[in-house]
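Enquirer: Following this message is one structure expressed as structure tokens.
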Amino acid sequence: MRTSAVTLSSQHLPRNSRLPAEITERGVASALPTRLRPADLLRLTDEGAEDVLAGRYDHLLPEGGLWPTEERWATRLLADDEVDIWLISWVPDRSTELHDHAGSLGALTVLSGALSEFRWNGKELRGRTLSAGDQAAFPLGWVHDVVRAPGPIAGPADPTLSVHAYSPPLSAMSYYEVTGHGTLRRSRTVLTDQPEGPVK
Ligand SMILES: [Fe+2]
């Protein structure tokens, strides 16, 4: 298991102080619940996107390449004890609502189309557009709302697609409201393994 680069030395402690053996001997263990880093998740979503574009997951995709146009849709590309990887297709006006990913780190790569993300920066929601080829990582505590970016749609063969990774695998999400005095209020927490919330 990877350990923190920070190590403590007993010579900096007051005399008679003692550090637990597991700290002095092995360094300070990571406090994160996964050994994967955001950079690892970004790489996994990039590889997943490449595999989707190369046709390696065609057997998991909608029949005839006709993507759902009314509801978000997702399929799990990979799952193990450390990470869950999903392909999501996005439709207009079906936002995720403002949420976090509980105890999971996350990342995404956009394959086609574009997403609008509104992220809570501690004071307000800050919007950005993530277009095909763009990536984003979600450290613990990241609160955002995601929706297909506005724009013309050529039909069910014109999807907005993104690959997402969560580590540890997503098991819960909390939802939030922005209050009238510029703070977040957590409105509910749900147990779920569905990427970015319920999908069809
Ligand atoms: Fe999210």
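Enquirer: Helix 38-53 versus the longest principal axis of the chain: what is the Cα-based angle in degrees, 0 to 90, to the nearest 10?
Expert: That works out to roughly 20 degrees.
Enquirer: Let me ask something else about it. Compute the relative contact order of the chain as a whole-number percentage, counting only Cα pairs closer than 8 Å that sit 6 or more residues apart in sequence.
Expert: 24 percent
Enquirer: Be a star and scan the range 125-158 for residues whose amide nitrogen sits under 20 Å from the point 7 Å along the Cα-to-Cβ vector of ARG43.
Expert: 133-140
Enquirer: Using just the C-alpha positions of the range 34-106 as equal point scatterers, what log10 of I(q)/I(0) does the Debye formula give at each q in 0.15, 0.16, 0.23 1/Å?
Expert: These q points yield log10 I(q)/I(0) values of -0.63, -0.71, -1.21.
Enquirer: Let me ask you something else. Could you line up VAL143, VAL199 from fewest to most neighbouring Cβ atoms inside 10 Å?
Expert: VAL199, VAL143
Enquirer: Jot down the radius of gyration and Dmax of the chain, Cα atoms only, both in angstrom.
Expert: When restricted to Cα atoms, the chain yields Rg and Dmax of 19.9, 73 Å.
Enquirer: What ranking do GLU50, GLU70, GLU63, GLU196 get, fewest neighbouring Cβ atoms within 10 angstrom at the top?
Expert: Result, fewest neighbours first: GLU63, GLU70, GLU50, GLU196.
Enquirer: Using a Gaussian network model on the chain with a 10 Å cutoff between Cα atoms, which of THR96, THR183, THR129 fluctuates the most?
Expert: Between THR96, THR183, THR129, it is THR183 that shows the largest mean-square fluctuation.
Enquirer: Can you give the local net charge around GLN135? Use residues other than it whose beta-carbon is closer than 10 angstrom to its beta-carbon, Lys and Arg +1, Asp and Glu -1.
Expert: Around GLN135, the surrounding residues sum to -1.
Every number here is computed from the coordinates shown, using simple stated rules; none is lab data. Only a predicted model underlies this, so the values are computations on that prediction, with no experimental measurement involved. Using ideal geometry, Cβ is built from the backbone for each residue, glycine included, and neighbour counts are taken over all protein chains shown.
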